[in-house]
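Report on one structure; see the data block that follows.
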Amino acid sequence: MLGLGRYQKGELVVIVAGSPPGTVGSTNLIHVHRIGEEDR
């Protein structure tokens with residue numbers, strides 16, 4: 001993401017993923033990430 005030039009180190013981004021609501025066994029995700037930091 002840093003390579004795209006749209007984000008700078010230290011900025012927060014929100015990553016959202018999921019399946020349609022009501023689908024059995026689906027997984028929904030909201031992940032807040034600070035650019036330039038490693039995930040734990």
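Any read-out appearing in this document is the output of simple, stated calculations on the displayed coordinates, not a laboratory observation. Only a predicted model underlies this, so the values are computations on that prediction, with no experimental measurement involved.
Quick one: compute the contact order of the chain, relative version, from alpha carbon pairs under 8 angstrom and 6+ residues apart, as a percent.
Values: 49 pairs, mean separation 17.3, N = 40.
Once divided by the residue count of the chain, the mean separation gives 43 percent.
Non-local amide H neighbours of residue 11 (under 5 Å, H modeled in plane, Pro and chain starts lacking H): which ones?
Amide H to amide H, under 5 Å and 5 or more residues apart or across chains, residue 11 pairs with 35.
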